[in-house]
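The values are calculated or read from the model by the stated rules, or taken from the named source; none is laboratory data. Please read these numbers as outputs of a predicted model, since none were measured by experiment. Cβ: placed from backbone, ideal geometry, glycine included. Neighbour counts: every protein chain shown. Ligands, DNA and RNA are stripped out before the accessible areas are found, and what is left, the full protein with its side chains, is counted by its heavy atoms. Shrake-Rupley method; radii C 1.70, N 1.55, O 1.52, S 1.80 Å.
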Amino acid sequence: MSDQPVALEPVGRGNRAAILALELSPRQQGFVASNADSLAEARQDDEAIPRAVISAGRVVGFLMYSAPDDDDEAVIYRFMIDRREQGKGLGRAAVAKALEEITRLGHVRRVSICYEPENEPARRLYAGFGFIEQGLDEDGEMIAVLELGG
């Protein structure tokens, strides 16, 4: 497990194809919407903030959140690391970067995230940052919330 530095970059022409080429392992595919669906959604939704997860100059993952100016809650609703890049600490580093970016916005006090209840790696990852499970939403996904300091 390396703590490779990661960066989050806005999605654009230069990284869109690489995001679309990212893959989950077969057992993870039911856990997250496809990146193609997510990018299409981001084009329709002004509040969606899509990010390419970059490590060593390569796109290794994808993350999308919203943090409306008139709300003190941000929602991370898409997150994946390519199956070939998992197990290297990149997911943890990417979540840390996303939380930094969200905190810098200044108006967010709480971050929520949702995941399939049987997605044990996701549960452990988010719990490690202090996300507290709140229960299932109407779609049967677990909602977890992190209160930001300040």
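Couple of notes before you dig in:
- Less than 5 angstrom separates the built amide H of residue 78 from those of 64, all sequence-distant by 5 or more or on a different chain.
- Kirkwood Rh in Å, taken over the range 49-115 so that all alpha-carbon pairs contribute: 12.4 Å
- Length-normalised contact order for the chain - Cα pairs under 8 Å, 6+ apart - percent: 23 percent
- Estimated FRET transfer efficiency (residue 136, residue 96; beta-carbon r; R0 25 Å; 0.05): 0.45
- Cα extents for the chain along the principal axes, largest to smallest and rounded to whole angstrom: 34, 31, 30.
- With all protein chains modelled, accessible area of residue 25 [1.4 Å, Å²]: 20 Å²
- Based on protein heavy atoms only, the chain ends up with 53 Å² per residue of surface accessible to a 1.4 Å probe.
- Residue 7 versus residue 147: modelled label distance in nm, points set 7 Å from Cα along the beta carbon direction: 3.6 nm
- At an R0 of 41 angstrom, the distance between the Cβ atoms of residue 17 and residue 70 translates into a FRET efficiency of 0.75.
- Under conditions of 4 °C and 1.567 mPa s, the range 27-71 yields 108 µm² s⁻¹ as its translational diffusion coefficient, taking Rh as the Kirkwood radius over Cα pairs in the Stokes-Einstein equation.
- Dividing the helix sum by the residues of the chain, where each DSSP H run of 4 or more adds -39500 (n - 2.57), gives a mean residue ellipticity at 222 nm of -8500 deg cm²/dmol.
- Surface share of carbon and sulfur [accessible, 1.4 angstrom probe, percent] for the chain: 48 percent
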